Every structure is written in structure tokens, then in C-alpha cells.
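Below is one structure, written out as C-alpha cells, with a few remarks after it.
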Amino acid sequence: MGWFPQIESRLRDIRMMIPEIRAVVADDEPTARNRLRVLLSDETGVEIVAECVDALQAIAAVRTYKPDLLLLDIDMRDGFRALQDISRADMPIVIFTSSSDRHATQAFEARALDFLLKPFDQHRLHTAIERTRAELLKAHDRHLTHRILDLLAEARTGPGPNRRLAVKTAGRLVLVDMDEIDWVEAAGNYVELKTHSGSYLLREGIGRVSERLDPVQFIRIHRSIIVNVRKIKELQPCNRGEYMVVLRDGKQLSCSRSYRAKLQERIAAQ
């Protein structure tokens with residue numbers, strides 16, 4: 001990537017942070033635990049961090065080891081209790097196991113990723129593990145996106161304002177040059193960046209966006225509007241001491257009285 005070269009090496013390190021699947025096996029049948037242990041040993045990148053024989057052990061293991069996957073025997077006494085007592089923050093991906101399919105509907109209602117019938121089959125288990133891996137990769141991608149945004153924010157704390165804004169749109173990160181922004185408008189819980197080529201939505205308040213913009217180039221003219229001073233063509237006086245700000249492309253924006261004086265000062269200084 002050609003932007004922000006000072007963080008490229010750190011991004012490469014983050015991309016490599018895809019952990020192996022750390023699993024907890026909870027089953028009160030020794031033969032079932034042994035079978036899972038053997039089958040999982042043939043799966044690449046899977047580590048059993050704990051084996052449990054009841055719900056209490058399963059709850060303690062999840063809280064202690066923070067696993068990626070919990071293979072939980074739904075027939076085990078208080079098996080569902082384990083899920084009820086595990087916090088949302090600690091909850092791993094769950095795959096239920098059972099000797100019959102009578103609990104399958106209940107398992108999926110509990111948002112289990114998969115349901116495995118005993119005796120366990122290597123091919124079926126492999127499919128479930130690959131589904132688990134896919135879910136973990138999705139979570140990793142989300143984490144990577146957040147880290148990229150954090151690193152970009154860190155880069156913005158350097159000397160002088162950053163000349164580009166990082167905007168997440170359609171699963172991509174787009175760097176919008178400040179010179180391309182015509183104006184910014186609050187839209188509910190979002191802020192919309194208006195450019196000549198289109199618009200971008202940011203899920204943050206207009207005050208936060210204002211802090212990220214160059215204060216020399218952008219000025220607030222309304223509680224919900226920020227304008228690029230370089231895009232202003234003229235100011236038209238309106239009733240009650242307000243202005244109509246006309247941009248070079250003909251767009252008209254209202255400037256309220258409380259922001260009028262600062263706008264006049266900024267225009268005079270250009």
C-alpha cells in the first residue's frame with residue numbers, strides 16, 4: 001500500500017495474527033472425549049486446552065482459557081446451563097454434540113454453529129471445524145479493520161492535520177482527500193461527507209468529524225453543516241441576519257446567525 005508507509009510493517013504483523021483454534025471439550029462420556037481427542041488431533045491448527053465432564057467444569061474452563069470453540073454434549077446434565085452461565089464476552093463458538101437429533105432444534109435456537117451426532121465421523125467433524133475457522137477469520141477481519149482505523153488515527157496525531165480521512169464503506173477503507181470534500185452534513189447518527197464524485201457515510205458525530213478536519217480549511221456554518229471554505233463562491237444575505245452560502249457547483253447551504261461572524265472572518269482571511 002502506498003499510504004502511511006510508517007504503519008505498513010505493523011499492518012503486516014496484524015495480518016499474521018490468526019490464532020489456531022483453541023477448543024474445550026465438554027462431555028461426560030469418556031469414550032466420546034477420547035474419540036474427539038483422536039479426531040481433532042488430525043485437524044490442522046486445533047488445540048484442546050481443556051476436557052470437562054460436567055457443566056461446572058465447562059463454565060470454569062471457558063472463563064479460564066478463553067477458548068475459540070466449545071464442543072458441548074447437549075445430553076450432559078445441565079449442558080444448557082453452561083451456556084446460560086457464560087457471559088456474552090466470554091462465549092466462544094459453540095458446537096453441540098449428542099447421541100440423537102432430538103435436541104437439534106433447541107441447539108440451533110441457542111445459536112450453536114453446528115450439531116454433531118455420535119459416533120463422531122472425521123469428515124463431518126472436519127466440516128464443522130472448517131466452519132469454525134471461517135467464523136474466526138471473519139472476526140479476525142473485523143479486528144483487522146478496527147486496528148487499521150486505530151493506526152490511521154495514531155498517524156493523524158503527528159505534526160499538522162492529516163490531509164486524508166479514512167472512511168469505511170462497502171467493506172473497504174477509502175482515503176478521502178480533504179480537498180475533495182465540499183461540505184459535511186449530520187444525518188441522524190451518521191455524518192455524510194459530500195464530494196464532487198459522491199458521498200460517504202461515517203458513523204460518528206459531527207463534532208468528532210470536525211476535530212479530524214483541517215481547521216484552516218473547514219468551518220462550521222450550522223450545527224449540522226461544515227463547509228470547505230475553498231469551495232465557497234459567494235455569500236447571499238437572507239432574512240434575520242442569516243447567510244446563504246453558495247458553493248462553486250451551485251449548491252446552497254444555510255449559515256445560521258450564531259456562525260456568521262466566524263464565517264465572515266474566515267472568508268476575509270482567505
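Structure values in brief
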| item | result |
| --- | --- |
| Solvent-accessible area, 1.4 Å probe, carbon plus sulfur percent, for segment 47-96 | 46 percent |
| Length released on extending from residue 168 to residue 135, taking residue separation times 0.36 nm less the Cα-Cα span | 9.8 nm |
| Förster-model FRET efficiency, 51 Å R0, residue 238 and residue 189, C-beta, rounded to 0.05 | 0.95 |
| Å² per residue, accessible surface of segment 204-270 at 1.4 Å | 60 Å² |
| Of all accessible heavy-atom area on segment 168-270, the percent that carbon and sulfur account for (1.4 Å) | 43 percent |
| Rounded, prolate or oblate (a/c below 1.5 giving rounded, otherwise prolate when a/b exceeds b/c) for segment 185-270 by Cα gyration tensor | prolate |
| Cross-link pairs beyond the 18 Å C-alpha cut-off, checked among 168/194; 66/168; 168/251; 194/233 | 66/168; 168/251 |
| Accessible area expressed per residue, segment 16-99, with surrounding protein chains retained (probe 1.4 Å, Å²) | 49 Å² |
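The values are calculated or read from the model by the stated rules, or taken from the named source; none is laboratory data. Fair warning: this is a prediction, and the values are worked out from it, not measured in the lab. Don't worry about glycine lacking a Cβ; one is built from the backbone with ideal geometry, like all the others, and counts go over all protein chains shown. Surface accessibility is based on the protein's heavy atoms, side chains included, excluding ligands, DNA and RNA. Shrake-Rupley method; radii C 1.70, N 1.55, O 1.52, S 1.80 Å.
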